[in-house]
1. Round to a whole number: what % of the accessible area of the stretch 1-113 belongs to carbon and sulfur, probe 1.4 Å?
2. Among 55, 232, 142, which one shows the biggest mean-square fluctuation in a GNM of the chain, springs joining Cα atoms closer than 10 Å?
3. Viscosity 1.002 mPa s, temperature 20 °C: Stokes-Einstein D of the chain from its Kirkwood Cα radius, in µm² per second?
4. Quick check: pseudo-label points 7 Å beyond the Cα along Cα→Cβ at residue 205 and residue 228, how many nm apart are they?
5. Are there GluC sites (Glu not before Pro) in the stretch 165-250 that DSSP puts in a loop and that have at most 16 other Cβ atoms within 10 Å, and which ones?
6. For residue 154 and residue 19 in one chain, what is 0.36 nm times their gap in residues minus the Cα-Cα distance, to one decimal in nm?
7. Taking amide H positions as placed in the peptide plane 1.01 Å from N, state which residues far from residue 146 in sequence (5 or more) or on other chains have amide H under 5 Å from it.
8. Considering every Cα-Cα pair within the stretch 125-251, what fraction, in whole percent, is farther apart than 21 Å?
Amino acid sequence: TDQRALLLEIVEDFWRTHFFGEASPLLAYTLQCGGSPESFLALLQKLHVSGGATIIPTFCDEEREALHAMCIAAYAELCRLWQSDGAVVRELLSTDKGLSRAADYYRVDKLEPLFAEMDEFVAGGNPFNLFADFQKFATSGIAAGTKPKGTSPDHPLFACAEKLLQAVQKRYVALKSELVQFYQSELPKRKRKANLRFFDDLLSDLADALQAPERGAAFAQRLRSTYQAALIDEFQDTDPVQYTIFHTMYA
């Protein structure tokens, strides 16, 4: 009656595969985003993946590799700019009159710790180890921290940081998409191996049988003759698989 243990087993295998090796660059960002086996499991349950839904966006291996390379390239450029123009950027963020000096933005006493975090990030060699306030170096963060009537300061490093931020965020989305694909592939195999069926399987099997090209129509007629009417309680909670069953039988 409860497939949670099997689902968690699949998620934990995915987690081990991606984060227990020596080179696990995405682990730092995943943890920053609250990622864990439990949160990944909650994501899959929220998406109703076991109901056969198609989850978008999807990424193939080549697209994930391209995103990874994009992150590495943007990071290399950011490091170059910080090493060559770091002093200029520090001066801009410290003195520009268009920036808000409120506590959540560019208050003077918080700038040195911010610059130290960028120094550590550049020295660390991991494009995905973004620190909490990294966005304050990105174009979007600069815009958010600009006074209502002020003009945002401009420097190539800000655009580069924005590019890296967006690439890392998209790479994390691609990781979650990979989780969905792994789950959808593994779940039926492990059910067959353990000879297990759950309530979701009863629904998906019935929906598939009703859609079968050769016998689906006859099966629907058989069900209609047996159950001449159906009352659907809490219709707003009816998922696409259930709706397919009712629509095929009674429409």
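The values are calculated or read from the model by the stated rules, or taken from the named source; none is laboratory data. Bear in mind that the values here come from a model prediction, so they are computed numbers and not experimental data. Don't worry about glycine lacking a Cβ; one is built from the backbone with ideal geometry, like all the others, and counts go over all protein chains shown. The protein model used for the area step is the full one, side chains on, heavy atoms only, and it has no ligands, DNA or RNA in it. Shrake-Rupley method; radii C 1.70, N 1.55, O 1.52, S 1.80 Å.
1. 56 percent
2. Maximum fluctuation in the GNM of the chain, among the listed residues, is at 232.
3. Details: Rh = 22.1 Å.
Taking Rh from Cα pairs, D becomes 97 µm²/s.
4. So the two model labels end up 2.9 nm from each other.
5. Taking the stretch 165-250 and a limit of 16 other Cβ atoms within 10 Å, the loop GluC sites (Glu not before Pro) found are 214, 234.
6. Here the segment from residue 154 to residue 19 would lengthen by 44.9 nm.
7. The list, which skips near neighbours in sequence, is 100.
8. 66 percent
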